[in-house]
Amino acid sequence: MVWQKTLARPVTFTGIGLHQGRPATMTIFPAAVDTGISFVREDLTPRCQVSALYDKVRDTSRATTLGDGSAVFSTVEHLLAALRGIGVDNALIQLEGPEVPIMDGSAAPFTELLLEAGLRPLAAPRAYIVVQRSFEYREGDQWMRVTPGQPRISYTIDFPHPLIRRQRYSVTLDTVSFRREIAPARTFGFLKEVEYLKSQGLALGGSLENALVLSDDGVLNPGGLRFPEEFVRHKILDAMGDLALLGMPLLGRVEVGRGSHDFHLKFIRQLMCRKGAWRLWVPPTYNREPRRSWSFTPAWEGAPA
């Protein structure tokens with residue numbers, strides 16, 4: 001039995017928003033048992049709070065954006081991956097604007113400061129979504145599957161660029177592996193694409209300080225790559241952040257080919273509607289109903305409304 005965890009103290013991050021290019025401030029507070037991860041916009045009236053669950057996703061173009069009414073919370077995936085990667089179940093994330101600060105384009109700054117703040121166990125065990133039967137979803141050349149087994153992600157990408165081409169990476173989902181192998185991997189883009197996005201009023205905060213930028217034949221960042229396969233490692237980071245929107249850890253082996261934020265979310269929706277592919281596991285000694293606000297039909301018998 002693993003106890004739920006929250007932060008030992010609040011942590012504040014400051015930086016720039018990737019798309020609007022404006023200063024971004026975010027404070028993460030400890031939260032109580034079974035409240036999960038949620039975002040709140042303190043700069044809006046009335047104050048708006050949104051749970052980090054997949055039925056709250058507003059947009060998946062270029063990043064994962066949550067929303068409710070006029071309140072949006074953009075580029076949440078790196079932060080959610082960091083929280084899931086180190087085992088934080090409950091936290092309240094306060095934003096002073098619409099974007100999570102991009103930091104260096106990876107999850108490493110979030111991971112290290114969160115661990116420095118420390119984690120605190122809570123008096124309730126953690127619930128899990130357990131994969132019982134293999135399930136695969138395909139759309140064109142994109143595919144994603146889960147199979148029963150110990151938590152692990154394998155990802156394959158294929159880009160027509162000499163520094164990328166076909167890359168595959170696989171990692172066990174534990175805190176040590178996440179911190180060393182996945183958290184430092186930065187988001188990446190191509191110079192021509194970046195120039196186009198900026199002309200459209202997007203990626204205004206993007207720079208060589210918070211993203212890997214590729215020309216036709218190389219990487220423009222002076223320090224080069226952190227890993228030979230940094231590109232596919234970052235795709236694993238994105239997938240972990242999107243899978244965190246299930247609201248609890250997924251126990252199973254995940255494999256992805258040529259995925260994207262949009263495709264990850266499509267897969268999650270399809271999986272949750274597949275009765276028998278998974279089950280909710282709550283420790284039998286803990287008499288409670290799991291926290292959930294999913295809008296899709298639950299796939300287990302006798303689910304709470």
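In which sequence would His78, His234, His19 go, from the one with the fewest C-beta neighbours within 10 Å to the one with the most? Intermediate values should be presented prior to the final figure.
On the way: His78 32, His234 28, His19 21.
Final ranking by Cβ density, sparse to dense: His19, His234, His78.
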For the chain, take the longest principal axis of its alpha carbons; what is the angle in degrees between that and the long axis of helix 108-117, to the nearest 10 within 0 to 90?
50 degrees
Segment Glu42-Asp59, length gained on full extension (0.36 nm per residue, minus Cα span):
4.0 nm
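Sorting Tyr137, Tyr128 on the 10 Å Cβ count, fewest up front, what's the list? Please report the intermediate quantities before stating the final value.
On the way: Tyr137 17, Tyr128 21.
Ascending Cβ contact count within 10 Å gives the list Tyr137, Tyr128.
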So how do Asp104, Asp217, Asp89 line up by other beta-carbon neighbours within 10 Å, fewest first?
Asp217, Asp104, Asp89
In whole Hz, what ³J(HN,Hα) sequence does segment 88-98 give by Karplus (6.51, -1.76, 1.60; θ = phi - 60°), x for Gly and Pro?
8, 9, 10, 6, 10, 10, 9, 10, 9, x, x
Taking the simple approach of a point 7 Å from Cα along Cα-to-Cβ for both Thr172 and Leu115, what is their distance in nm?
1.6 nm
Extension length gain for Ala124 and Glu209 (0.36 nm per residue less Cα distance), in nm, is 26.6 nm
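Quote to one decimal, in nm, the extra length available between Asp34 and Gln49 on full extension: 0.36 nm per residue of separation minus the C-alpha distance between them.
Full extension from Asp34 to Gln49 adds 3.8 nm.
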Based on alpha-carbon centroids, what's the gap between segment 1-55 and segment 149-172 in Å, whole number please?
29 Å
Residues with amide H under 5 Å of Ala52's amide H, sequence separation 5 or more or different chain, H placed in the peptide plane at 1.01 Å from N; which?
Ile37, Ser38, Phe39
Fraction of antiparallel bridges per DSSP, segment 128-281 only, in percent to nearest 5
70 percent
Angle check, please: helix 261-272 long axis (alpha carbons) against the longest principal axis of the chain (alpha carbons), in degrees 0 to 90, nearest 10.
20 degrees
For the chain, take the longest principal axis of its alpha carbons; what is the angle in degrees between that and the long axis of helix 230-243, to the nearest 10 within 0 to 90?
30 degrees
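Please figure out what share of the DSSP beta bridges in the chain is antiparallel and state it in percent, rounded to the nearest 5. Before the final figure, lay out each step's value.
Values: 47 of 64 bridges.
Here the antiparallel bridges make up roughly 75 percent for the chain.
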So for the pair Gln200, Gln270, with labels modelled 7 Å out along Cα→Cβ, what separation do we get in nm?
2.5 nm
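Ranked highest first by the average count of other Cβ atoms within 10 Å around their residues, in what order do 42-48, 251-257 fall? Write out the running numbers ahead of the final one.
Numbers: 42-48: 12.4, 251-257: 21.0.
Per-residue mean Cβ counts within 10 Å order the peptides as 251-257, 42-48.
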Under 5 Å, built H, 5+ apart or other chain: amide partners of Leu7
Ala31, Arg120
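Between Ser70 and Arg165, what's the calculated FRET efficiency when r is the beta-carbon distance and R0 is 45 Å? Round to 0.05. Don't jump to the answer; show the numbers that get you there.
Values: r = 43 Å, r/R0 = 0.95.
Efficiency, from the Cβ-Cβ distance: 0.55.
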For the chain: lysine pairs under 30 Å (alpha-carbon distance), excluding those fewer than 8 apart on one chain
15
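Laboratory data are not the source of any read-out in this text; all were calculated from the coordinates shown. Small disclaimer: the values here were computed from a predicted structure and weren't measured. With ideal geometry, Cβ positions are generated from the backbone for all residues, glycine too; neighbour counts draw on all protein chains shown.
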